[in-house]
Amino acid sequence: MKLIDNQANIHSLRKISSLFSTTSVEIDELLAMVIDTASSIVGTRNTSLLMVADEKSKRLQFYQATGKYMGKLRDIDIPPGVGIAGLVAETGETIVSNDVQNDPRWYRTVSEKVKVTVNRIACFPLLVEEKVVGVVQFLDKRDGSEFKEEDLAILERFSRLLAKFFQLTRNRAALGEEFDRLREIYMQRYLIVGESEAISKCISLAERVADSKAPVLLTGESGTGKELFAHLVHERGRRQTRPFISVSCGALPASILERELFGHEKGAFTGADSRKIGLFEAAHTGTIFLDEIGEMPLDMQVKLLRVLQEESFIRLGGTETINVDVRVVSATNKDLDKMVQRGEFRQDLYYRINVINLKLPSLRERKEDISDLVTYFIRKYTPEGQAPKKIDKNLISHLVAYSWPGNIRELENSVERAMVLTEGDTLTANAFPLESTQVPVEINVGTTLKEANDSFRRAFIINTLKSTNGNRTKAAKILDIQRSYLSRLIKELNID
Ligand SMILES: Nc1ncnc2c1ncn2[C@@H]1O[C@H](COP(=O)(O)OP(=O)(O)OP(=O)(O)O)[C@@H](O)[C@H]1O
Ligand SMILES: [Mg+2]
């Protein structure tokens, strides 16, 4: 399966990821500098920094060491409570020993491994929020003298500083992980699955036009991925880091849509008790996605056209002209050509928004993608930590035989439903009762034209409603009729 990703975005995501690691490299350098400074002020011979490797086992591991010893120290693990460092880590108390060779607490394994004889040690805990996250040990003074009170006072202050650096490193690491999780989610969201020629053509056209400002009109049946592609066009272009504002043009009455798009000044109408920025302004330098543009009332179409032509507008109740730089992506499942002919959609607006037409194929036209899509949706709906269900060998041919009037959305819903209903680890055709969802239309000679007409309409509406999971608004859209008319038909034709 080919998972299309967003090259430009992935590039910037990688850059951020690498910044997280660069910063921890920088912190390591800083740590080394702090250790060097402490060592040279007090005149110590060797210093090493050990970290608590994991919270559970509390084992210590070498993190940094002066001299050439780090290579040999890297693999050494010190169990909690063992040796001076282990005791400091366990108790959180500083230990100073001026006669290590005769100190029973001394853990010989390490010094023997690196072949260094140690006589004196000052070992400090690194405390972050009262928890020991590591220890720092200063070994021997160059002049051979003992660690004195004033040496210890200085080293202790440096140790506290080191602990702060550790805390910083940890926060960075946690931030880095959080960022990686976000990146995962992001990659999941704009994944366009499928390798058929039909969808590949759409992807490459979307990529080619992404960087330009040319208006894009996405057309295609319901559930073919128009919204997904709108995001794709935005995310692959230069505006990817700028806002993406989505407007559902069919959902609101004209007057409210106008306020939403252009915003208003305080007192522009009753209830306008403060200034409100409109969606066009919010989308400045980014992309505005005008979804269901075919539903936009004619008088709003005029206003929209003006904004698109002039790239400026005035807030409701305002006088100031506001200039905006917005990339327009629109979508519809209606036949705008026909709507223009019928006078339901303005021709000038149609030309304006339809500079680049991206017609998304129906699922029927790219059945070779069904297998990849099913695999993808199974993964999408598998709870974290669970193994994804397998696909029975007969399932794909069963799915390919169906016509998918609700397209990818219908396929996605079917997979989700089948996964809930399947107890075993394999999805079979039984979990997809598709044939039976298509009500057959049997019309025999001898019935009246009205009866034939009614039974056809009844079956057709039931099938469409099934493809939308009973959602009447979506079904009305597919049938290209008003929702209220659909409700009337449902009643009239006795559909429940
Ligand atoms: N190629 C694809 N790969 C993966 N998922 C897809 C693909 N195309 C569509 N989908 C998924 O199918 C569902 C429907 O897609 P989308 O909402 O973009 O369709 P639409 O064309 O806008 O439909 P409508 O006209 O009903 O608004 C979404 O959940 C979307 O993520
Ligand atoms: Mg949509």
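The values are calculated or read from the model by the stated rules, or taken from the named source; none is laboratory data. Being a predicted model, the structure only gives us computed values, none of them experimental. Every residue, glycine among them, receives a Cβ derived from its backbone with ideal geometry; neighbour counts consider all protein chains shown. The area values use the complete protein model at the heavy-atom level, side chains included, leaving out ligands, DNA and RNA. Shrake-Rupley method; radii C 1.70, N 1.55, O 1.52, S 1.80 Å.
Residue count for the stretch 127-172 under the criterion of being touching a helix residue (DSSP H, G or I) at 6+ places or on another chain (Cβ under 7 Å) and without any contact (Cβ under 8 Å) to a residue 60 or more places away in the chain: the result is 2.
Contact list please: Cβ distance under 8 Å, first residue in the stretch 301-319 and without any contact (Cβ under 8 Å) to a residue 60 or more places away in the chain, second residue part of a helix (DSSP H, G or I) and of a type in the set (Val, Ile, Thr), pairs at least six apart or on different chains. Filtered contacts from the stretch 301-319: Phe313/Val307.
Residue count for the stretch 225-275 under the criterion of being of a type in the set (Val, Ile, Thr) and closer than 14 Å to Ala206 by Cα: the result is 1. Pairs are defined by a Cβ separation below 6 Å, a sequence spacing of at least 6 or placement on different chains, a first member in the stretch 412-438 that is more than 20 Å from Ala401 (Cα to Cα), and a second member that is at pLDDT below 95 and of a type in the set (A, V, I, L, M, F, W, C); the pairs so defined are Leu421/Ala431; Thr422/Ala431. Of the helices (runs of 4 or more DSSP H) lying entirely inside the stretch 42-148, the ones with 3 or more residues being open to solvent by 30 Å² or more (accessible area, probe 1.4 Å) and at pLDDT 90 or above are found at 83-91.
So, Leu232, is that one within 31 Å of the chain's Cα centre (by Cα), within 30 Å of Ile370 (Cα to Cα) and open to solvent by less than 20 Å² (accessible area, probe 1.4 Å) or not?
Values: within 31 Å of the chain's Cα centre (by Cα): yes; within 30 Å of Ile370 (Cα to Cα): yes; open to solvent by less than 20 Å² (accessible area, probe 1.4 Å): yes.
For Leu232, the condition - within 31 Å of the chain's Cα centre (by Cα), within 30 Å of Ile370 (Cα to Cα) and open to solvent by less than 20 Å² (accessible area, probe 1.4 Å) - is met.
The rows are residues; the columns are (1) touching a Ser or Thr at 6+ places or on another chain (Cβ under 9 Å); (2) away from ligand 1 (no atom under 11 Å from the Cβ).
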residue	(1), (2)
Ser362	yes, no
Lys380	no, no
Lys390	yes, yes
Pro405	yes, yes
Leu411	no, no
Ala418	yes, yes
Ala429	yes, yes
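Considering every residue within the stretch 438-455, establish whether at least one is under 30 Å from Leu493 (Cα atoms), modelled with pLDDT of 85 or more and surrounded by 12 or more Cβ atoms within 10 Å (Cβ to Cβ). Checked against the condition, which is being under 30 Å from Leu493 (Cα atoms), modelled with pLDDT of 85 or more and surrounded by 12 or more Cβ atoms within 10 Å (Cβ to Cβ), the stretch 438-455 yields at least one hit.
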